[in-house]
Amino acid sequence: MKRQIGYVYAVEFEDGLIKVGRSRFSPGDRIKTHALVGQIRGTKPKRSIVSARTKNNIESENLLINLCSKIGTQAFGREWFYGVNFEQLNSIIGSISECSDQDVKAENAAVNASVQRVSDFFRPKSPVTNHEDGQRWSDALSRGQLLEAIFLGNTFSGPLFRPSGKSGLSNFALSASIAIYGMSLEECADLFCQSCDHPELMVGKIFKAARKTAKKIQVPA
């Protein structure tokens with residue numbers, strides 16, 4: 001099973017809606033975005049609980065989701081429920097142990113290795129700078145699909161991430177590719193870093209960048 005150091009959390013809304021989830025770095029930012037979902041549904045957060053930094057927040061989140069599925073009713077998505085006792089979640093999350101320094105060092109080493117692989121991917125393979133637009137678009141497609149993999153790895157799902165029958169790409173992958181097509185390598189690398197750290201904040205920015213790029217250029221077929 002995939003492991004990741006980070007946090008798990010639960011949010012209770014005033015209408016009884018419960019959201020459980022995980023975050024690698026910023027659970028507070030995740031909770032703020034969920035508050036916006038609550039506004040759309042006419043409710044707002046009542047209270048929340050965030051765990052200590054645990055060595056496997058993926059496993060911890062799955063345990064919370066399985067528990068909520070058994071004792072409550074799924075509202076929408078896979079992490080939103082009604083009929084769940086928040087105090088029970090509070091007790092479970094509050095009992096999660098802090099990860100060790102050794103766990104952090106091991107994950108940092110793995111992250112550094114991944115960063116190096118991404119860096120190697122973006123490094124030009126030749127000193128030629130006058131690339132054909134077709135090759136540039138091909139590179140953007142590859143990077144757009146790589147970016148999509150990051151979001152899928154963070155449990156993003158839904159219509160935006162479903163491949164279309166015509167192109168075989170999801171709306172997200174295609175939009176990410178168009179956005180990347182209009183970026184420099186430095187901007188693209190920054191996009192990847194921000195998407196790894198705060199994916200929940202980047203979806204809208206990626207689609208906005210894609211619209212901006214599409215207005216400026218004609219993407220090769």
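Taking the conditions exactly as written (surrounded by 13 or more Cβ atoms within 10 Å (Cβ to Cβ) and over 19 Å from the mean Cα position of the chain (by Cα)), does residue 86 satisfy them or not?
Values: surrounded by 13 or more Cβ atoms within 10 Å (Cβ to Cβ): yes; over 19 Å from the mean Cα position of the chain (by Cα): yes.
Here the answer is yes, as residue 86 does meet what is asked.
Which one is farthest from residue 29 (Cα to Cα), of the residues in region 89-101 that are part of a loop (DSSP other than H, G, I, E, B) and in contact (Cβ under 8 Å) with a residue 12 or more places away in the chain?
Of region 89-101, the ones part of a loop (DSSP other than H, G, I, E, B) are 95-100.
Remaining after also requiring in contact (Cβ under 8 Å) with a residue 12 or more places away in the chain: 96-100.
On the way: 96: 20, 97: 22, 98: 20, 99: 21, 100: 24 Å.
Going through the qualifying residues, I end up with 100.
Quick one: in region 41-57, of everything that is farther than 17 Å from residue 81 by Cα and either crowded, with 18+ Cβ neighbours inside 10 Å or hydroxyl-bearing (Ser, Thr, Tyr) (or both), which residue is nearest to the chain's Cα centre (by Cα)?
In this case the residue turns out to be 57.
Output the residues belonging to region 64-78 that are within 22 Å of the chain's Cα centre (by Cα) and under 16 Å from residue 15 (Cα atoms).
74, 75, 76
So which residues in region 41-88 are assigned to a helix (DSSP H, G or I) and touching a residue at least 40 places away in the same chain (Cβ under 8 Å)?
57, 58, 59, 60, 61, 64, 65, 68, 86
For residues that are part of a helix (DSSP H, G or I) and surrounded by fewer than 18 Cβ atoms within 10 Å (Cβ to Cβ), tally how many sit in region 1-40.
Total meeting the criteria: 9.
Residue check: is residue 32 at pLDDT below 90 and touching a Cys at 6+ places or on another chain (Cβ under 8 Å)?
No: the conditions fail for residue 32.
The values are calculated or read from the model by the stated rules, or taken from the named source; none is laboratory data. Note that this is a predicted model, so its numbers are computed, not measured. As a convention, Cβ positions derive from the backbone with ideal geometry for all residues, glycine included, and neighbour counts pool all protein chains shown.
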